[in-house]
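Right, one structure below, let's go through it.
The values are calculated or read from the model by the stated rules, or taken from the named source; none is laboratory data. Keep in mind that this is a model prediction, so the values were computed, not measured. Neighbour counts run over all protein chains shown; Cβ positions are idealised from the backbone, glycine included. For accessibility, only protein heavy atoms count, side chains too; no ligands or nucleic acids. Shrake-Rupley method; radii C 1.70, N 1.55, O 1.52, S 1.80 Å.
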Protein chains: 2
Amino acid sequence: MENLTLLFKEKNLKLTPQRYAIYKYLKSTKSHPSAEMIYDNLKANYPTMSLATIYKTLKTLIELGVVIELNVGEDNFRYDANTSQHPHIICLSCGRVDDIENADFNFLDDEAKKYTDYKIDTHQLYFYGICPECQKKSE
Amino acid sequence: MENLTLLFKEKNLKLTPQRYAIYKYLKSTKSHPSAEMIYDNLKANYPTMSLATIYKTLKTLIELGVVIELNVGEDNFRYDANTSQHPHIICLSCGRVDDIENADFNFLDDEAKKYTDYKIDTHQLYFYGICPECQKKSE
DNA sequence: TATTTGTAGATAATAATTTTCTTTTAATAG
DNA sequence: CTATTAAAAGAAAATTATTATCTACAAATA
């Protein structure tokens, strides 16, 4: 995470323990947590940290381009420190959010360019279905 | 819209003027309006209609499967009466939402199945970029 | 035409997120 | 190593999209 230090220095931002903890947690998990979930997870080690700090830090990290905001269709956002372009899949039954890994969907931007006059920057691809665990449960 | 009448009857729902107007407006536009935008648009002809009615009707229409809820990343939802599976493209500058038409992205569900154990139901594909109008403006 | 049941509309409530303001702290210079 | 300063944390209030509640009304059926 040396580059995180550099990145913060470049922008005259302070790399506080809270900010570092939030980023590190996001890097460590594949659960695509919401702000609230991050808060609950860090509460033990940072008992005084407030939700506002989580939100403000997430915004900062997004602006820096090291975190992505996901819109899975719930009433809140999810966050992901894996900034490589990759699809997500959401379980309609339990709400968990997983990466789809090893698949290459990078061609999508070029494909879309054929059908629009927009200048395309990026995309988000969300699949919806039932996760293996919930499939078992409903049997 | 004869099938809408039938659909409502089947579910013992009442096809009120308000509901009909909301659906008709969504059918008539490609602007992917938010609840608020629908409200503003119908206010002239239905001065007594409340936002709550818009929201309740949208929920009903979604349950009936004749309207789709879009999550473009703003702080509100957008709605679309074109229920065929098609991608959307959002202008990062002005926020407008367009369809990507004539493109066939239906293969995506099958493609994703190769990389996950989820049972896949559907997907949403959002492109982000700059629309032609905003491109001109920034020149 | 009466009756039943669902719905409209007004309003209050909820919940995620943002803002404000004061105190604290990280980074830098001396 | 300390003083300084600009940014950030934390607490609390504010905002905003959406939902729930409740009463009066209206559509469908008998």
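Miscellaneous remarks
- Computed over protein heavy atoms with a 1.4 angstrom probe, the accessible surface ordering of B:M49, B:M37, largest first, is B:M37, B:M49.
- Buried solvent-accessible surface, both chains (B, A), 1.4 Å probe, Å² to nearest 100: 3000
- Rounded, prolate or oblate (a/c below 1.5 giving rounded, otherwise prolate when a/b exceeds b/c) for chain A by Cα gyration tensor: oblate
- Comment: the Cα-to-Cβ extended label point of A:E101, at 7 Å, lies 4.1 nm from its counterparts in the other copies, nearest first.
- Long pairs among A:K114/B:K27; A:K56/A:K113; A:K113/B:K30; A:K136/B:K114, criterion Cα-Cα beyond 28 Å: A:K56/A:K113
- Between B:K14 and B:E69, the modelled label-to-label distance comes to 2.5 nm, taking each label 7 Å out from Cα in the direction of the beta carbon.
- Tensor-based shape of segment A:88-137 (alpha-carbon gyration tensor, a/c under 1.5 rounded, otherwise prolate or oblate): prolate
- For A:D121, the point set 7 Å out from Cα toward Cβ sits 3.0 nm from its twins in the other copies, listed from shortest up.
- Derived from the Cα gyration tensor, the three semi-axes of the equivalent ellipsoid of the protein assembly as shown are 35, 23, 22 Å, largest first.
- Each other residue within a Cβ distance under 12 Å of A:I90 adds +1 if Lys or Arg and -1 if Asp or Glu, for a net charge of -2.
- For segment B:70-139 versus segment A:54-91, the gap between their alpha-carbon centres in whole angstrom: 17
- Förster-model FRET efficiency, 35 Å R0, B:S84 and A:K27, C-beta, rounded to 0.05: 0.35
- Complex-versus-alone comparison for segment A:107-121, residues with a loss of 50 Å² or more in accessible area, probe 1.4 Å: A:L108, A:Y115, A:Y118, A:K119
- Per residue accessible area in Å² of the protein assembly as shown, where ligands, DNA and RNA are left out and the probe is 1.4 Å: 57
- Rounded percent of accessible protein surface that carbon and sulfur make up, segment B:83-133, 1.4 Å probe: 40
- Formal net charge of residues neighbouring B:E133 (Cβ-Cβ distance under 12 Å; K, R +1; D, E -1): +1
- Contour excess over end-to-end distance, with Cα ends at B:N3 and B:E36 and 0.36 nm allotted per residue: 9.2 nm
- Residue by residue, segment A:126-139 carries 3J(HN,Hα) couplings of 10, 9, 10, x, 10, 6, x, 4, 6, 4, 4, 4, 8, 6 Hz when phi is fed to the Karplus relation 6.51 cos²θ - 1.76 cosθ + 1.60 (θ = phi - 60°); x denotes Gly or Pro.
- Annotation for segment B:42-133: GluC sites (Glu not before Pro) lying in DSSP loop with at most 13 further Cβ atoms inside 10 Å of their Cβ are B:E74, B:E101.
- Taking the Cα centre of the protein assembly as shown as reference, the dipole from Cβ charges on Lys and Arg (+1) and Asp and Glu (-1) amounts to some 960 debye.
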